[in-house]
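I have placed the structure first, in the form of structure tokens, so that the comments after it can refer back to it.
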Amino acid sequence: MATGAPLNYEASAGTTNLQSTSSLPLEVAQCLQNARFLHLATCTNLFPHVSLMNYTYLPSSPYTSSPTIIMTTNPSSKKTLNLVSNPHVSLLVHDWVSHRPPTTNRRGSTSERAGSPPPEASRSSLAALLLNLNTSALSSISATINGEAKLLEQGTEEEKYYKGAHLDNNTFTDGEEAQRNNLWNEREREDCDGGRESFIEGEDVRVVVVTITDGRVSDWKGAVRDWTLTGESDGNHVQAEPLVNGVSSS
């Protein structure tokens with residue numbers, strides 16, 4: 001992989017310090033391995049649509065040596081209809097964890113404008129959890145990733161493989177599930193499985209595989225660097241093991 005240039009503060013309407021590489025930049029791969037969700041942007045007839053998605057990242061698979069991202073979607077959803085007419089997608093992924101603090105005005109007093117949480121919000125259990133996280137372990141960048149999406153034909157071996165990898169990546173240990181459940185009330189815990197059964201295991205869901213083509217790395221200060229995949233590889237389609245929160249399942 002080519003050595004990454006430092007993030008640059010030039011105007012970023014075009015390409016900035018473009019890096020051509022045969023594999024994902026290391027910080028992008030790490031971000032994909034660490035993050036819990038990504039934002040999927042689709043577009044048709046000049047109208048964009050953004051969805052928050054579970055996903056699975058594979059550096060390669062038996063079907064391609066290129067890095068891919070797996071998602072599932074309801075066949076009648078807006079994003080599915082968009083993908084049928086326009087397979088070009090853009091993804092935004094980051095693993096920053098933060099909450100919105102109370103807003104202060106120029107005089108230094110707490111603002112009461114709409115959208116600004118009250119001071120006691122920063123003392124909630126969830127906010128305390130976020131504030132106490134070891135932020136040094138989190139990424140300092142976000143990644144915009146462009147690619148080509150494909151709705152896999154149902155019942156094929158390819159669909160079974162990618163759906164299985166996605167299911168493995170959304171199977172959590174008891175401790176992780178309990179930690180997530182603490183954010184839900186009792187009724188939600190009884191009736192909800194976090195979306196796994198409805199949005200991944202369901203017989204009617206469609207599997208979407210995105211082949212990554214290029215993207216942009218941005219840091220928290222707004223500096224950017226662009227990159228593009230050259231498509232070069234060693235020609236070996238090594239079966240990649242699904243990553244569970246960035247860790248091999250084996």
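Quick one: which of Thr16, Thr42, Thr64 is at pLDDT 95 or above, closer than 18 Å to Asp214 by Cβ and either buried (at least 20 other Cβ atoms within 10 Å of the Cβ) or more than 19 Å from the chain's Cα centre (by Cα) (or both)? Checking each option against the conditions leaves just Thr42. What pairs come out if I take residues in the range 12-34 that are within 9 Å of Trp227 (Cβ to Cβ) and β-branched (Val, Ile, Thr) and pair them with residues that are modelled with pLDDT under 90 and not in a helix (DSSP H, G or I) whose C-beta lies under 6 Å away, six or more apart or interchain? Qualifying pairs under 6 Å: Thr21/Met1; Thr21/Ala2. Counting only helices (runs of 4 or more DSSP H) that fall entirely inside the range 133-250 and contain at least 3 residues that are surrounded by fewer than 18 Cβ atoms within 10 Å (Cβ to Cβ) and modelled with pLDDT under 75, the qualifying elements are 174-181, 186-191.
The values are calculated or read from the model by the stated rules, or taken from the named source; none is laboratory data. Worth saying up front: this structure is predicted, and the values here are computed from it rather than measured. Reconstructed Cβ throughout: ideal geometry from the backbone, glycine too, with neighbour counts over all protein chains shown.
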